[in-house]
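Encoded as C-alpha cells, the structure appears first; notes follow it.
Values quoted throughout were computed directly from the atomic coordinates according to the rules given, and no laboratory measurement underlies them. On a predicted model such as this, the values are computed, not experimentally measured, just so you know. Cβ atoms come from the backbone with ideal geometry, glycine included; neighbour counts cover every protein chain shown.
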Amino acid sequence: MAYLYVLQKLLVSLIILTIFPSLTLSTTLQTNYITQNLSAEDYFKRGKKKQDDGNLQDAILEYTQAIRLNPNFFKPYHNRGIAKSELGDKKGAIEDYTQSIRINSNFAETYYNRGNAKSDLGDYKGAITDYTQSIRLDSNDFASYMNRSFAFYKISKYKSAIEDANQGIKISPESSIAYLTRANARGKLGDKRGAISDYNKAISLNSEDSNNYFSRGNFKRDNGDFKGALADFNYSIRLNPDDADIYINRGNVKRILNDLSGAIVDYNQAAKLNPIDSDIYYNRGRTMVMLNNYQAAVQDFSHVIKLNQNDINAYISLGNTKLHLGNQQIGISRNSYLNDAIAAYNQAIKLNPNDAIGYYNRATAYANLCNAQEADKDFNRAAKLYLAQGKNKDYQEVLSRLKELKIFVAQCLIKQ
C-alpha cells in the first residue's frame, strides 16, 4: 500500500507539471516539503539535529518553519538566535532572544546568550542587565557570574568585577578563569600583591593555559618587570605558538629591553599569523625608527593607515619619519619629504583638531620649509591647546620655539 501511495504522489506531480509547465520539479518538491505533516516540535528537532551537526544555515530554516507553525514556541527563537550568533549575526540573534524572552521570561539561558551577544557588540551595560536576570533565575550559574565580571571590568567597575569573581570561586573553586578574572581587576585597583597571587593560583590550577601566562606577563610589563614579562610571554608562546597577540606583546617588551632585532622577528611572525592587525605594523615601524631604518618605517606606518584610516598615531609617526628624512636631504628631495610630513599631520589634525602635537610637529615642518607665517600659526595653536590642557612644560617649550622661530627661518633661507 505504501508503494502505491508513493507512486500515486509521483503521478500527481507529473500531471501537474504537464498541465502547468511553468512549474518546475523543484517547486513541486519544495511544496511537498512544506506541506509534509510535520509539527512545530518536529521542525525544532530537525533544526536541533542540524545545528548539532554544524549545519547552521539549514538549522535556521528548520527553526523558521517551526516558528511559522507555532509563533508562541520559544525554543526555536532561542536556538535560531544561537545559530545566528555563531554565524556572526549578533543583532539578529538579539532579536530572536528577545522574542524568546517575550514568550518565556523564565529561561535563564536565553538571558545569558543575549548578554553574550550584547557583550560581543560592546553593549556591556546591556549585557550586565541580562547576566543579572540569568543569575536571578539560576544563582549557581558560574558562566553568568564570570561574563558579568568581564562586563564590569570593561566599564571600569573593578570592585563589582571582583565581587562576581569571588562568587565564581565559591561556585567553582578549581576554575582558573575565576582567579584570572579577579587578578585582572585587582591589578586595575593597584592591588599588585593580590593580582600576582591570583595569577599564580590560576597557573597552578591550569598550567597548560597560555592565556594565564599571557595575562600575568601583561601585568608584569605594566608594572615594570620586563624580564619577568618576557619569561611569561616565552612560556605562553611555547603553549600557543599561533597567537599573534603574544608575539606582539613579546616584541614590545623586547623593544623596551633594547633587543630590537628580536622585536622585529616577533612582529614579523605576528604579521604572518594575523596580517590585518594594524598594531603589528605600527610597533614594527617604531622599532624600525629606533634601528634608523626610516624607509622601512615609512612603509609600516603607511600600511597601518591602509588598514585603519582613522589611526591618528600612524599619521603622526609617518609625519615624524618623513620630517626626519627631509632634514637629512637637500633641495627638491628635502622639500618633498617635508611636504609629505605636512600632509600626514594635516590628516592627524583633521581626525583630532584638539591634538596639540599635530600642530606642533606641523609647525616644525613649516619652519624647515622656511615658511615662518604658517609655522607661527601652528606654534600658537599648539601653545593654546597645551595651556588649556594644563600641560605647562609643553606650553613653555612652544613659547621657546616661537622666540627662536625668526632666527631659525632666517638661517633656513640662507641655507637655501
Loop only per DSSP, at most 16 neighbouring Cβ atoms within 10 Å: give me the GluC sites (Glu not before Pro) in segment 85-138, ordered by residue number.
none
Expressed in angstrom and rounded, the centroid-to-centroid distance over alpha carbons for segment 309-340 and segment 255-286 is 22 Å
q = 0.17 Å⁻¹: log10 I(q)/I(0) that the Debye formula gives for segment 109-220, counting C-alpha atoms only:
-0.76
Residues 317, 302, 39 in order from fewest to most other beta-carbon atoms within 10 Å are 39, 302, 317
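Peptides 328-336, 225-233, 205-213: what's the order by average Cβ count within 10 Å, highest mean first? Provide the component values of the computation, followed by the final result.
Working: 328-336: 12.2, 225-233: 19.8, 205-213: 17.9.
Output ranking for 328-336, 225-233, 205-213: 225-233, 205-213, 328-336.
For the chain, what's the relative contact order in percent, using C-alpha pairs closer than 8 Å and at least 6 residues apart?
Once divided by the residue count of the chain, the mean separation gives 5 percent.
For segment 134-178, calculate the relative contact order in percent as a whole number, restricting contacts to Cα pairs under 8 Å that are 6 or more residues apart. Intermediate results must be reported in sequence, preceding the final value.
On the way: 37 pairs, mean separation 14.9, N = 45.
Computed over segment 134-178, the figure is 33 percent.
If you stretched the chain out fully between residue 291 and residue 352, how much longer would it get, using 0.36 nm times the residue separation minus the C-alpha to C-alpha distance? Walk me through the intermediate numbers first.
Details: separation 61, 0.36 × 61 = 21.96 nm, distance 2.94 nm.
Difference between extended and current length: 19.0 nm.
Would you mind classifying segment 129-192 by shape? Square roots of the alpha carbon gyration tensor eigenvalues, ordered a ≥ b ≥ c; an a/c under 1.5 is rounded, otherwise it is prolate if a/b is larger than b/c and oblate if not.
Values: a/c = 2.62, a/b = 1.36, b/c = 1.93.
Oblate, because a/c is 1.5 or more while a/b does not exceed b/c.
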Sorted by average packing, counted as other Cβ atoms within 10 angstrom per residue and highest first, what order do 170-179, 193-202 take?
193-202, 170-179
Summing -39500 (n - 2.57) over every DSSP H run of at least 4 residues in the chain and dividing by its residue count gives a helix-only mean residue ellipticity at 222 nm, to the nearest 500 deg cm²/dmol, of -26000 deg cm²/dmol
Can you give the FRET efficiency for residue 103 and residue 310, using 1/(1 + (r/R0)^6), R0 = 41 Å, r = Cβ-Cβ distance, to the nearest 0.05?
0.45
Mind checking which of 175, 67, 290 is farthest towards the positive end of the chain's charge dipole, using Cβ charges of +1 (Lys, Arg) and -1 (Asp, Glu) about the Cα centre?
290
I'm a student and want to see the number: the projected area of the Cα convex hull of the chain, averaged over all directions, in nm².
31.7 nm²
Taking the Cα-to-Cβ direction at residue 411 and at residue 136 and moving 7 Å from each Cα, how far apart do the two end points lie in nm?
7.1 nm
As I understand it, the value is the acute angle between the Cα axis of helix 176-188 and the longest principal axis of the Cα atoms of the chain; what does it come to in degrees, rounded to 10?
30 degrees
What do you get for the angle between helix 90-103 and the principal long axis of the chain? Use alpha-carbon atoms, 0 to 90 degrees, nearest ten.
40 degrees
Segment 201-292, Rg to Rh (Cα coordinates; Rh as Kirkwood inverse mean 1/r):
0.98
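What is the gain in length, in nm to one decimal, between residue 327 and residue 120 on full extension, counting 0.36 nm per residue of separation less the C-alpha to C-alpha distance?
Numbers: separation 207, 0.36 × 207 = 74.52 nm, distance 4.66 nm.
Fully extending the segment from residue 327 to residue 120 adds 69.9 nm.
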